[in-house]
Each structure stands twice: as C-alpha cells, then as structure tokens.
1. Find the helices (runs of 4 or more DSSP H) located wholly in the stretch 321-398 whose residues include 2 or more that are small (Gly, Ala, Ser) and either farther than 23 Å from Arg78 by Cβ or in contact (Cβ under 8 Å) with a residue 24 or more places away in the chain (or both), and list them.
2. Got at least one residue in the stretch 37-52 being in contact with a Ser or Thr (Cβ under 7 Å, 6 or more places away or on another chain), open to solvent by less than 50 Å² (accessible area, probe 1.4 Å) and closer than 29 Å to Gly373 by Cα?
3. Give the number of residues within the stretch 307-333 that are aliphatic (A, V, I, L, M) and over 19 Å from Tyr219 (Cα atoms).
4. Taking only pairs six or more apart or across chains, which ones have beta-carbon atoms under 8 Å, a first residue in the stretch 175-204 that is under 19 Å from Val126 (Cβ atoms) and touching a residue at least 12 places away in the same chain (Cβ under 8 Å), and a second residue that is away from the ligand (no atom under 16 Å from the Cβ) and polar (S, T, N, Q)?
5. Can you tell me which of (1) more than 25 Å from the chain's Cα centre (by Cα); (2) surrounded by fewer than 16 Cβ atoms within 10 Å (Cβ to Cβ) is the one Arg169 doesn't meet?
6. Any residue in the stretch 284-306 that is away from the ligand (no atom under 14 Å from the Cβ) and either crowded, with 24+ Cβ neighbours inside 10 Å or not assigned by TED's automatic domain parsing to the domain that holds Glu392 (or both)?
7. With the requirement that a residue be surrounded by 22 or more Cβ atoms within 10 Å (Cβ to Cβ) and among the aromatic types (Phe, Trp, Tyr), what does the stretch 313-341 give you?
8. If I ask for residues that are polar (S, T, N, Q), more than 21 Å from Pro391 (Cβ to Cβ) and touching a Lys or Arg at 6+ places or on another chain (Cβ under 8 Å), which ones from the stretch 280-332 would you list?
Amino acid sequence: MPPLFADLPVAQFANPTAAAGNPYLDRHREIIDRRKFETALSQIAAWPGYVPTPLILLEGLASELGIRDLWYKDESQRFGLGSFKALGGAYAVLRQLVRIAEKRLSHPVDAAGLVAGGDDCVVRDVTVACATDGNHGLSVAWGARTFGCRAVILVHENVSDARVATIQRHGAEVRRVPGNYDDSVRMVDREASANDWIVVSDTSYPGYVEIPKDVMQGYTVMADEILSQLPPATLPTHVFVQAGVGGLAAAVCGHFWEELGPRRPRLIVVEPDRAACLFASARASRPKRIRGALDTVMAGLACGDPSRLAWDILHDGADHFLTLPDTAVAPVMRLLFDGVAGGPRIVAGESAVAGLAALIAATAQPALSDQLGLAPDSRVLVLGTEGATDPEQFHRLTGRQADAG
Ligand SMILES: Cc1ncc(COP(=O)(O)O)c(C=O)c1O
C-alpha cells in the first residue's frame with residue numbers, strides 16, 4: 001500500500017443518533033421505499049442496455065488490508081454512461097414525462113411506451129433542465145433523448161470541457177454559468193421558472209423534494225443489485241460510500257435499512273475535506289451549508305449544500321462521517337487500474353475512490369480502525385461509482401490511459 005495512507009489526515013465523526021437497532025420509520029419511507037423501488041426496478045430494467053453492473057470480490061486486497069472480504073461495485077459501465085448516476089436522473093425524467101403525457105392524453109400512459117418512442121410526440125416540446133458537475137447532467141441528457149424531450153444542462157466554472165462535450169453528444173444544450181455547483185443549482189431553479197422548464201435535480205431543498213426522491217429511488221436499483229449479487233447468507237459489515245449532496249449515500253442507507261433492519265451494515269459516509277457539507281451537518285446535527293470554492297479533484301463530490309432529503313435519512317442512519325484530502329485519490333485510482341494484489345484491472349474515476357481510500361487509510365491507522373469497528377472478520381463493501389468519465393483527467397491523475405485494454 002502507498003505509505004501515505006498511514007499518515008493521511010482523515011477526520012472522523014461518529015454519529016450519535018444512528019444505531020443499528022433504529023427502526024425504519026414512515027418518515028424515512030416517505031423518501032426511500034420498497035414499493036417505489038419495485039416500480040423503479042421494473043421500469044429501469046426495461047430500458048435499452050440494462051444489465052446489473054459487476055460486484056467484484058477483491059480477495060488479495062482484502063487480505064493485504066487485514067479484513068475478511070472486500071467487494072467493489074463497479075459502476076464504470078452503467079448504461080454506457082460511466083456512472084451510477086445514469087440510474088437516477090434518467091428515471092426522474094421518465095417519471096415526469098409519464099406524468100405530463102397522462103395529463104395531456106387524459107389516460108394512463110405506460111412508461112414502456114415512452115421508452116419505445118410510442119408516445120414521444122406528446123412530450124417532444126417538454127424541456128427538462130438541471131445543474132451538474134458532470135454525471136447527473138449526462139443522465140438527464142440521456143433520459144431526455146431516450147424518452148423523447150429536450151434537455152438544457154447548466155455547468156459551473158470548474159466542469160471540464162471534456163464533460164461538457166460528452167453531455168452535448170447526448171443531444172442536450174449545455175450552458176456554462178459562473179460560480180460553483182451550488183450556484184448553478186440556484187441558477188437553474190430561477191431559469192426554469194422563467195422558461196417553463198422542469199428542473200430534474202439530484203439535490204433537494206426546501207420546497208423542492210418530489211423529483212429528487214425519484215432520482216434517489218433510481219439509485220436503489222444499484223443497492224438492490226448488490227444484495228442479489230452477494231454470496232448466499234452473506235452481508236457486508238461495513239459500507240464506505242462517498243458523498244456529494246448525499247443522495248447516493250441516503251439511497252443505499254435507506255434501502256439496506258428497509259431490507260435488512262438491524263442486520264444492516266455500518267454506513268460510513270466519505271467526503272473530500274474541501275467539500276464536506278455532510279460532515280459539517282453531522283457535527284451540527286442539522287443541515288449545514290459550507291461556502292468557498294469547493295475545489296476538490298473529486299469533481300462529483302464538490303458540493304457545499306446537503307440534499308435535505310438525504311440528510312433526513314443520513315442523520316438517523318449513517319454511523320460515521322469521514323473526510324479525506326485530495327492526495328488520497330490518484331494513488332487509489334492507480335492501484336485499481338494496475339490490478340492491486342492480483343485483482344482485475346478496474347477503471348475508477350476521481351469521484352469513485354474516496355470510499356476505498358478511506359478504508360485503506362483506516363486499516364493503516366489503528367485508532368481510526370477501532371473507531372469504525374474494523375476487525376479481521378470485517379466484510380466491507382465499497383462503491384466504485386464511476387469509471388473514467390473524464391478520460392483526460394484520468395490520464396493526468398494516473399499517468400495511465402483509461403482505454404488501454
Ligand atoms: C461518481 C460519483 N460518485 C458519487 C457521487 C455523489 O453522489 P451524491 O451527490 O448523490 O452524494 C457523485 C455525484 O455526482 C458522482 O458523480
């Protein structure tokens with residue numbers, strides 16, 4: 001392991017309100033819910049190109065880290081878009097288009113009809129819009145094209161040209177706006193009111209919660225794939241999941257909690273130390289916005305304002321909040337690409353590895369390992385949330401070409 005992990009400055013906060021025995025309550029079900037998951041799964045599984053992404057057992061790395069098992073959920077091939085985000089934004093777009101089509105046609109509309117282009121003329125004039133640091137906007141653009149409407153995507157100053165070009169290739173109009181991710185979220189809200197667009201955001205804020213619930217419910221399809229892919233009668237003891245606004249972490253937390261009850265794994269939320277809004281919220285025990293440039297290399301995690309819905313689940317269900325510096329990212333991307341400890345080559349983007357980096361640091365730092373309850377019989381799940389979604393950045397960080405076979 002790179003020696004840096006023994007000294008990596010990792011901050012840890014143990015959430016006093018989370019406990020394995022906490023019941024999953026109706027107010028949590030209002031956000032993440034088994035019945036709505038079943039609807040999401042039945043619709044998403046019918047989309048062109050749906051296949052569960054691989055759950056990879058990294059045996060060699062587990063033994064090097066001194067734990068029993070380590071699973072890596074590899075989202076690099078999800079719908080050919082390269083990240084788990086493909087599940088959320090596109091699903092929320094579909095739900096909106098079905099709603100509008102039903103209103104216009106005055107009869108129930110089958111989502112499968114929109115996927116096949118059957119009712120597309122009814123929604124062709126609809127525009128969906130969002131702010132993005134890359135992956136969510138790509139999901140919304142893909143959803144708009146697949147289900148037959150227009151998309152306008154706002155990107156902030158730090159979103160790379162390569163990411164913009166990818167979104168444009170999926171047929172969306174991209175507009176660059178000043179400021180950071182949080183500024184672009186506020187701007188799209190204003191622009192949408194003026195232009196009659198439907199905002200399909202991956203974050204929620206006071207007065208805007210229904211559509212982000214669909215986005216998060218889309219992510220639960222990934223969480224549920226994991227439960228089906230684990231060996232029989234085997235569950236992880238720990239899940240390390242990286243967070244931006246927290247939608248992913250909350251979807252995983254909520255789904256596992258509802259499905260597994262007290263057997264659910266310990267959930268550890270990991271953020272960049274330059275954009276740790278959930279860590280700050282956990283410490284304050286209320287949603288807390290942090291300011292500043294949020295200039296982390298982990299582009300998808302550069303968020304200063306937690307999703308209110310995500311917070312409502314994580315406040316009761318996330319066991320630990322961690323932060324780590326950018327220096328952890330490139331070494332872990334390289335380890336995975338080079339096939340660490342006899343494992344397969346894994347292409348992981350800069351926002352995909354914070355969870356694994358935190359695990360590696362924890363196993364190298366006895367105090368942190370104790371705080372997280374890691375032991376030789378631990379079974380750990382990490383979420384490899386994206387592949388090389390920005391190949392130039394991947395090369396800059398790792399010195400490797402992502403498409404090298
Ligand atoms: C690759 C990747 N991983 C993780 C996240 C974090 O998801 P969330 O913002 O829902 O916390 C993002 C967000 O864009 C992402 O792109």
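The values are calculated or read from the model by the stated rules, or taken from the named source; none is laboratory data. These figures come from a predicted structure and were not determined experimentally. So basically every Cβ, Gly included, is an ideal-geometry build from the backbone, and we count neighbours across all protein chains shown. Just the protein is used for accessible areas: all its heavy atoms, side chains included, with ligands, DNA and RNA removed. Shrake-Rupley method; radii C 1.70, N 1.55, O 1.52, S 1.80 Å.
1. On the way: elements: 329-337, 354-364, 366-371, 391-398.
Answer list for the stretch 321-398: 354-364, 366-371.
2. Scanning the stretch 37-52 turns up no residue that is in contact with a Ser or Thr (Cβ under 7 Å, 6 or more places away or on another chain), open to solvent by less than 50 Å² (accessible area, probe 1.4 Å) and closer than 29 Å to Gly373 by Cα.
3. Kept after step one, since they are aliphatic (A, V, I, L, M), are these residues of the stretch 307-333: 309-310, 313-314, 318, 322, 324, 328-330, 332-333.
Filter again for over 19 Å from Tyr219 (Cα atoms), leaving 322, 324, 328-330, 332-333.
So the count comes out to 7.
4. Qualifying pairs under 8 Å: Asn195/Thr127; Asp196/Thr127; Trp197/Thr127; Ile198/Gln96; Ile198/Thr127; Val200/Gln96.
5. Checking Arg169 against (1) more than 25 Å from the chain's Cα centre (by Cα); (2) surrounded by fewer than 16 Cβ atoms within 10 Å (Cβ to Cβ), the one that fails is (1).
6. Keep residues of the stretch 284-306 that are away from the ligand (no atom under 14 Å from the Cβ), which gives 284-286, 288-293, 295.
Now drop any that are not either crowded, with 24+ Cβ neighbours inside 10 Å or not assigned by TED's automatic domain parsing to the domain that holds Glu392 (or both), which leaves none.
Checked the stretch 284-306: no residue is away from the ligand (no atom under 14 Å from the Cβ) and either crowded, with 24+ Cβ neighbours inside 10 Å or not assigned by TED's automatic domain parsing to the domain that holds Glu392 (or both).
7. Matches in the stretch 313-341: Phe321 only.
8. Once the filter is applied, which keeps residues that are polar (S, T, N, Q), more than 21 Å from Pro391 (Cβ to Cβ) and touching a Lys or Arg at 6+ places or on another chain (Cβ under 8 Å), the stretch 280-332 yields only Ser281.
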